[in-house]
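Written out below as structure tokens is the structure these notes cover.
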Amino acid sequence: MPAHFALYAGKLRWICGIGRGAAEGISAAMKFGTVAMTDAKQARPPIPEGVKREVRQRCRFGCVICGMPVYHYDHVIEHAVVREHAAENLTLLCPNHHDAKTRGRLAVEAVQEHNAAPFNLNRKNTAGLDIGRARELRLEFGTNWYETDTPAENIAKSVVVVNNRTYLAFDREDGWLTASAIVTDLNGTELLTVVRGELVASTALWDITYVGSRLTARQTGGGIILDLTLTNAELNVHRGAFIDYRDRSGFYADGEKLQALVGGEDWGSSSNTGMAHCGGAGFQLTREDTPPWNILLRRQLPAK
């Protein structure tokens with residue numbers, strides 16, 4: 001053993017009152033710390049999915065301090081101390097607050113207090129999350145899509161409209177594009193909204209996750225009622241609805257097509273329809289002064 005290594009092991013024996021072999025082992029682990037830490041992380045078991053869901057539900061799908069719906073699972077008392085993944089010792093912290101706690105700028109006592117009364121607990125929606133803006137934007141819903149880039153003029157463009165209310169749109173301002181959306185269940189209950197690139201989600205959901213670019217919401221029992229890809233440059237509704245709760249009419253995307261619904265009943269569909277730079281709403285369902293319904297599934301070609 002090198003002289004400096006043996007000296008450090010000797011100090012460990014004197015400070016900690018441990019045997020020579022144990023001291024040399026600890027000293028070696030510290031010398032080759034990167035390997036030791038990697039092995040420790042690999043040995044640490046993952047948090048069970050059921051425990052994660054319990055923590056999300058208790059924290060109402062956001063950081064307990066600020067409500068942001070992007071978060072890390074944090075052990076209030078460090079895992080190295082408790083050596084278990086108990087739900088009551090886990091909380092949700094956004095990247096900023098998680099980093100502050102990890103670096104010692106946020107006291108454990110403050111986290112415990114917020115964990116007992118999460119920010120989103122008595123709120124209808126989570127706090128907002130800025131998704132960002134892009135030079136080019138793609139909106140997709142049930143294999144139909146709308147793409148646009150950034151000409152000079154500032155405009156607001158409706159892509160899906162039901163009963164004269166816009167459910168999917170984009171805004172162009174100063175050469176930048178942002179998406180807006182109101183996504184519902186089949187009864188017209190709003191699950192989440194995006195307003196010019198800012199996301200908020202309903203805290204009444206049974207469960208919701210936003211991992212990477214994929215946002216998924218589940219109803220009681222685990223069935224998926226909402227499935228989105230959401231980035232600054234793309235909003236893709238794989239599963240979700242744009243429904244007016246007053247008469248259960250609108251559109252439903254199921255991954256393969258966009259289905260028109262009138263009074264909750266099927267009324268035509270569209271799939272694999274591409275649009276770009278077109279005038280008027282891309283998909284529109286309106287009710288005239290008297291029945292029947294006037295349903296427009298506009299398959300418009302790019303402007304020449």
task: Name the residues whose placed amide hydrogens come within less than 5 Å of the amide hydrogen of residue 76, ignoring near sequence neighbours (fewer than 5 apart) on the same chain.
output: 90, 91
statement: Sorted on mean Cβ neighbours within 10 Å (highest first), peptides 238-244, 153-159 come out as 238-244, 153-159
- prompt: Sorted by packing (mean other beta-carbon atoms within 10 Å per residue), highest first, where do 255-264, 88-97, 102-111 land?
  reply: 88-97, 255-264, 102-111
message: For a protection proxy built on the mean count of beta-carbon atoms within 10 angstrom, sort 190-201, 67-78 highest first, please.
response: 190-201, 67-78
task: Write down Rg/Rh for region 114-201, rounded to two decimals, with Rg from the C-alpha atoms and Rh from the Kirkwood relation over Cα pairs.
output: 1.05
field: Estimated FRET transfer efficiency (residue 246, residue 219; beta-carbon r; R0 25 Å; 0.05)
entry: 0.70
message: Which aspartates and glutamates, if any, have their Cα less than 16 Å from the Cα of residue 52, not counting same-chain residues under 8 positions apart?
response: 74, 84, 88, 207
- prompt: Once label points are set 7 Å from the Cα along Cα→Cβ at both residue 147 and residue 233, what is their separation, rounded to one decimal in nm?
  reply: 1.1 nm
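Rule-based calculations on the coordinates, nothing more; no lab input. It should be emphasised that the depicted structure is a prediction, and the values quoted were computed from it without experimental measurement. Glycine gets a Cβ as well: all are built from the backbone with ideal geometry, and neighbour counts include every protein chain shown.
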